[in-house]
Each structure stands twice: as structure tokens, then as C-alpha cells.
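**Student:** Have a look at this one before I ask anything.
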Amino acid sequence: MDDYEIQEIRRIRQQIYSENKPDLKAVAEYYRQIENELRNSGQYKFIDEKAHHSNRKQSSHKIA
């Protein structure tokens, strides 16, 4: 990643934290809200976290 992109990510994260500090639950809720909005928009694909982890466990335990 370009330095500009990393700096922009950090700037946005700091802004989100500043708007919700010192309540980390509020920060987590903010991210959940954004995730729900993005999921509902239909513009993005998401990996179901539970399915993703179960697939990783199954594939790591296969016997050759």
C-alpha cells in the first residue's frame, strides 16, 4: 500500500475513535452499523465469519 493510503486509513480511524471516545463499545457499534449498511447496499461481497472459520478448520485437518 502507498504511504498516502496508509495515512488516510489512520486518519479515518482516528476520526472515528475521536467521535466515539472513550467508549470502545460505541466504536464497535459504529463499525457494525457501517458493515450492515454496506451489506444492505448489495455493492459488496462479505464472507460469513462462521462459515469462513469452519472451512479453515476443516481444510487444516484433512489427511492427505
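**Student:** Provide a single number: the residues in segment 1-35 that are among the hydrophobic types (A, V, I, L, M, F, W, C), loosely packed, with under 11 Cβ neighbours inside 10 Å and either modelled with pLDDT under 90 or touching a Cys at 6+ places or on another chain (Cβ under 6 Å) (or both).
**Tutor:** Here the count works out to 2.
**Student:** Kindly list, by first and then second residue, each pair from a residue in segment 23-47 that is more than 17 Å from ARG13 (Cβ to Cβ) to a residue that is modelled with pLDDT of 90 or more and among the basic types (Lys, Arg), limited to pairs with Cβ atoms under 9 Å and residues at least 6 apart or on different chains.
**Tutor:** PHE46/ARG39
The values are calculated or read from the model by the stated rules, or taken from the named source; none is laboratory data. Because the structure is predicted, anything quoted here is derived from the model rather than measured. Cβ coordinates were reconstructed from backbone atoms using ideal geometry, including for glycine residues, and neighbour counts include every protein chain displayed.
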